[in-house]
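Each remark here refers to the structure printed beneath this line.
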Amino acid sequence: MAGLVQLVLDLFSPAPIREPVQPSVASPANLLEHPQATRRIQLRGHQVFYLFKRSRRRTIGMAVGPDGLEVSAPRWVPLGEIEAALLEKQDWILRKLQEMHQHQQRVQGARIEWRDGVVLPYLGQGMRVVLAPDHPFRERGAQLQALPSALPGEPTQQLLVGLPQHATAAQLRDAVQAWLMRQAREHFTQRLVHFAPRLNVQWHRLSLSSAATRWGSASADGSIRLNWRLVHFKPEVIDYVVVHELSHLQVMNHSPAFWETVGQILPDYSHRRAQLKDEQVPRWD
């Protein structure tokens, strides 16, 4: 869930004015307590502390964001009427608070703690990162090894990184990123070579991106740009992005003709596209 979830209500009947109360010390991790709360209300047995603002708007507004519930209302609407609006929409408010809490847990869980033994997804499978300062690498900087005896749910491979045990988190991050980017370029190139003839198009240059909001792009001159972090996804998801961008070399928009072109190569592209949107990938910030 991105941004704020908005709900606007039009409620204008008068009600008694109540004095604001002082909230308890708010915890940012507890969305029932906004860190800047100025009022509170009980909803389904839960004390919800929310930030209340008067504004020039003509309606009562409710928004659930990363900090919790925020409410704004015209200057002339009584506080009792505002509380009545909150009570009327209490199920919606509590549901959105829970959804935001779950979203924050997923985001926090996706942050990478750079240390010996951290596990990352690589081509859709778990990969454990291991510091191996004395390993005779055949590849520059790091080497991938299979773990044939891995238990269900455990990583199936490990990346041996040629750094000392006292390496900093930043050094480990940079070494792993460099290795992943090399693998990404190699894998993307192979898939571009595979799919381009099937689409009867020619691509001329591949560049890697670290964009926060875009997985790929294509230019009319045959330049393809792909986000290196796609290497975290399963190969079939990567194939969707590759075919998507190559299809733009035929149709430079998202018209029905474009999606028909994608579907000719990947009839199940909508399923792959959903995986791209739904699966959580590690955060590198």
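Whether any residue in region 245-266 is buried (at least 20 other Cβ atoms within 10 Å of the Cβ) and within 30 Å of Asp174 (Cβ to Cβ) is what I want to check.
Yes, the conditions are met somewhere in region 245-266.
Could you please find all residues in region 37-61 being surrounded by 14 or more Cβ atoms within 10 Å (Cβ to Cβ) and of a type outside the set (Lys, Arg)?
Answer for region 37-61, where residues must be surrounded by 14 or more Cβ atoms within 10 Å (Cβ to Cβ) and of a type outside the set (Lys, Arg): Ala37, Thr38, Ile41, Leu43, Val48, Phe49, Tyr50, Leu51, Phe52, Thr59, Ile60, Gly61.
(1) modelled with pLDDT of 90 or more; (2) among the aliphatic types (A, V, I, L, M); (3) surrounded by 16 or more Cβ atoms within 10 Å (Cβ to Cβ); (4) assigned to a helix (DSSP H, G or I): which one isn't true of Leu87, the others all being true?
(3)
May I ask you to list the residues in region 265-283 that are more than 25 Å from the chain's Cα centre (by Cα) and in contact (Cβ under 8 Å) with a residue 24 or more places away in the chain?
The one that is more than 25 Å from the chain's Cα centre (by Cα) and in contact (Cβ under 8 Å) with a residue 24 or more places away in the chain: Ile265.
Checking Thr189 against (1) of a type outside the set (Gly, Ala, Ser); (2) in contact with a strand residue (DSSP E or B) (Cβ under 9 Å, 6 or more places away or on another chain); (3) surrounded by 12 or more Cβ atoms within 10 Å (Cβ to Cβ); (4) modelled with pLDDT under 95, only one condition comes out false. Which one?
(4) is the only condition that Thr189 fails.
From (1) touching a Lys or Arg at 6+ places or on another chain (Cβ under 9 Å); (2) more than 18 Å from Ala196 (Cβ to Cβ); (3) buried (at least 20 other Cβ atoms within 10 Å of the Cβ), pick out the condition that doesn't hold for Pro282.
Result: Pro282 fails condition (3) only.
For region 23-78, name all the residues that are modelled with pLDDT of 85 or more, assigned to a loop (DSSP other than H, G, I, E, B) and under 12 Å from Ile93 (Cα atoms).
Within region 23-78, Arg44 is the sole residue that qualifies.
For region 192-215, does any single residue satisfy the condition of being free of Cβ contacts under 8 Å to residues at least 24 places away in the same chain, in contact with a helix residue (DSSP H, G or I) (Cβ under 9 Å, 6 or more places away or on another chain), among the aliphatic types (A, V, I, L, M) and not in a loop (DSSP other than H, G, I, E, B)?
Looking through region 192-215, at least one residue is free of Cβ contacts under 8 Å to residues at least 24 places away in the same chain, in contact with a helix residue (DSSP H, G or I) (Cβ under 9 Å, 6 or more places away or on another chain), among the aliphatic types (A, V, I, L, M) and not in a loop (DSSP other than H, G, I, E, B).
The values are calculated or read from the model by the stated rules, or taken from the named source; none is laboratory data. Bear in mind that the values here come from a model prediction, so they are computed numbers and not experimental data. So basically every Cβ, Gly included, is an ideal-geometry build from the backbone, and we count neighbours across all protein chains shown.
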